[in-house]
Amino acid sequence: MSSGIKVWLYLTPALFFLVMFTYYPMVQVLWDSFFFKAYGQETASFVGFDNYARLFRDPEFGVAVKNNIIYAVGTVIPSLAVGFGLALALMESTRFKNFARAIFFFPTLVPLIAAAALWIFVYFPNIGLLDYYLAKIGIGSTNWLGDSDIALFSMMLLSIWKNAGFYMLFYIAGLQGIGEEYYEAAELEGASYFQRLRYITLPLLGPTTAFVFIIALIHVFTYVDHVIMMTKGGPIGSTNLVLYYIFQNAHEFNDAAKATTSTVVSVIALLAFSFFSIRTMERGIHYES
Amino acid sequence: MANTRKRSFPAALAFFVIISAITIIWSGPFLWMVVASFKPQTFGGLDMASVVPNFMPTLANYELAWMSADFVGLYINTLIVVFGILSVQLVTITLAAYAFARLEFPFKTFLFYLFLLQLMIVPPILIVPNLKTLVGLGLSDTLVAVMAPYFASAFGTFLLRQTFKSIPRDFEDAAVIDGCNWFQILRYVLLPLAKPALVAFSIVSVVAHWNEFLWPLMVIDSPDKMTLTVGLASFARAAEGAADWGLIAAGTMIVMLPLIIAFTLFQKQFVNSFMFSGIK
């Protein structure tokens, strides 16, 4: 068997499915975004950039983009901070710390939809878990999911709880990879705990942070199970996210033009982010070596 | 070890108390789920949120939950989906990883980057065109359609390629001298040595697809083809409408039980697998 044929035998199965469900759909969705099929019409007609004009005129899309950016910032930064804090507290392996790690990591493993089912009760006004225990320390009832000023923050809190333990694992691995000699040298120089944290730990964890940041960011743009389960994008659009907007237009409103066009916008945003993040990751890794 | 603070006894005690308190708050939703699922119905109302088990436990919520949804069918469908995906993935990633780790061919780097693209353009973003493709193939409302977009995995290919690259070529050379063909080399030399990576990938893959919701929700219409997450969502929505929190807790518990058991038994393996998944 010539080696050329052999290579293709190895690559074809994986490549076939990648072409079918990653590359082809990217091209197809771009193509489709230039056509519009009116209700009752047999075939779609070419409309140029009309679908894009229609998408950008849709205030709901703008709201979804804005919400998603707020949600990304408000979820990613706190989850990384909490993950890092937990890792610092729990990095040594003791019985108690291993148990605590398992507790913090467990939410990562459960389906987001199961977490959402439980958190509907956590957030239920007055009798729910949060209000019930907050009342014991004298804090009055809050409409966590029903108040449009608060609902998005409630979704962020759920995501932080769900993911911080996952990021903690990467930070523990990163912390354990830092050589003892750095700290010994710093201690000889009389550096305090916080000085060591600031000038040794944080810079050396740069690659870990870059990596975790990318995973966390992809996560906030590709998971909307909790939105579907808990708020359906409401109240008054305050928890509508881009993928939920796509889902709703495809699945509920049957607005194929908006669903395809907003998919194209998302793919372009993710591609742009990929180029940016590959460069950041490379820089982070160079720093280490 | 590393950057640690030397603590006096009171400081160590304070640390222990604070971490314990955060741990309890963090596990609050799960504690509530367990307690509420055993709570008698009459206990509903104002005291529903209490996690203090001051009542005679009952299985009534579980009985009602078990009757309100076809959990056996949901479990079977979910098992078919996760192990269907995993078995195809193991074939596609092993072959591709072997090519990228051991063979030389034109456009190798370009093709490798093309593979990696799937790490960024993840399937949930492409639900709209992928659904169109599968409908076009006459596969809508089938479990195959739930699985198909995941049959190739950039992440698995990458993980296994790194592992194959770390295995010295001497082992294969020896096997070639003994008259092994490429399949025997893979089967008896490379794959056994890559076992930790394969186990890690399998755990991450099974958990990810067990938990998947949006895609099966879009693909499946027939109730008898739903997966656990989709079934749980409609079950919980109905129970929520009736404000039957004990029922939601029991239903969620039924869905999460295998996970809780597996995690308790193989905690280290789970943690290591997810940690491994990030080491690039």
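The values are calculated or read from the model by the stated rules, or taken from the named source; none is laboratory data. What you see is a predicted model, and the numbers here were worked out from it, not measured in a lab. All Cβ positions, even for glycine, are placed from backbone atoms using ideal geometry, and neighbour counts span all protein chains on display.
Considering only residues in the range A:36-57 that are in contact (Cβ under 8 Å) with a residue 60 or more places away in the chain and within 12 Å of residue A:261 (Cα to Cα), the one that is surrounded by the most Cβ atoms within 10 Å (Cβ to Cβ) turns out to be A:55.
Within the range B:233-272, the set of residues being at the interface with chain A (Cβ under 10 Å from one of its Cβ atoms), under 26 Å from residue B:160 (Cα atoms) and modelled with pLDDT under 90 comprises B:259, B:267, B:268, B:270, B:271, B:272. Scan the range B:218-232 and tell me whether some residue there is surrounded by fewer than 16 Cβ atoms within 10 Å (Cβ to Cβ) and either touching a strand residue (DSSP E or B) at 6+ places or on another chain (Cβ under 7 Å) or among the aliphatic types (A, V, I, L, M) (or both). There is no residue in the range B:218-232 that is surrounded by fewer than 16 Cβ atoms within 10 Å (Cβ to Cβ) and either touching a strand residue (DSSP E or B) at 6+ places or on another chain (Cβ under 7 Å) or among the aliphatic types (A, V, I, L, M) (or both). Condition check for residue A:62 on (1) in contact with a helix residue (DSSP H, G or I) (Cβ under 8 Å, 6 or more places away or on another chain); (2) surrounded by 15 or more Cβ atoms within 10 Å (Cβ to Cβ); (3) more than 7 Å from chain B (Cβ to nearest Cβ); (4) closer than 30 Å to residue A:162 by Cα: one failure, at (2). The selection criterion, being in contact (Cβ under 8 Å) with a residue 40 or more places away in the chain, hydroxyl-bearing (Ser, Thr, Tyr) and surrounded by fewer than 18 Cβ atoms within 10 Å (Cβ to Cβ), does not hold for residue A:24. The number of residues in the range B:45-59 that are crowded, with 16+ Cβ neighbours inside 10 Å and touching a helix residue (DSSP H, G or I) at 6+ places or on another chain (Cβ under 6 Å) comes to 3. Before we move on, is residue A:116 among the hydrophobic types (A, V, I, L, M, F, W, C), at pLDDT below 90 and either within 29 Å of residue B:264 (Cβ to Cβ) or not in a loop (DSSP other than H, G, I, E, B) (or both)? So residue A:116 does not fit the description; no. Can you pull out every residue in the range B:146-166 that is buried (at least 24 other Cβ atoms within 10 Å of the Cβ) and farther than 30 Å from residue B:220 by Cβ? Residue satisfying the conditions is B:160 alone.
Applying the set (1) under 29 Å from the mean Cα position of the chain (by Cα); (2) among the charged types (D, E, K, R); (3) in a loop (DSSP other than H, G, I, E, B) to residue A:42 leaves exactly one unmet item: (1). Check whether at least one residue in the range A:196-207 is farther than 28 Å from residue B:207 by Cβ and more than 12 Å from every other protein chain (Cβ to nearest Cβ), and report yes or no. Yes, there is a match, as at least one residue in the range A:196-207 is farther than 28 Å from residue B:207 by Cβ and more than 12 Å from every other protein chain (Cβ to nearest Cβ). Here residue B:94 passes the criteria (1) surrounded by fewer than 16 Cβ atoms within 10 Å (Cβ to Cβ); (2) at negative phi except the one numbered (1).
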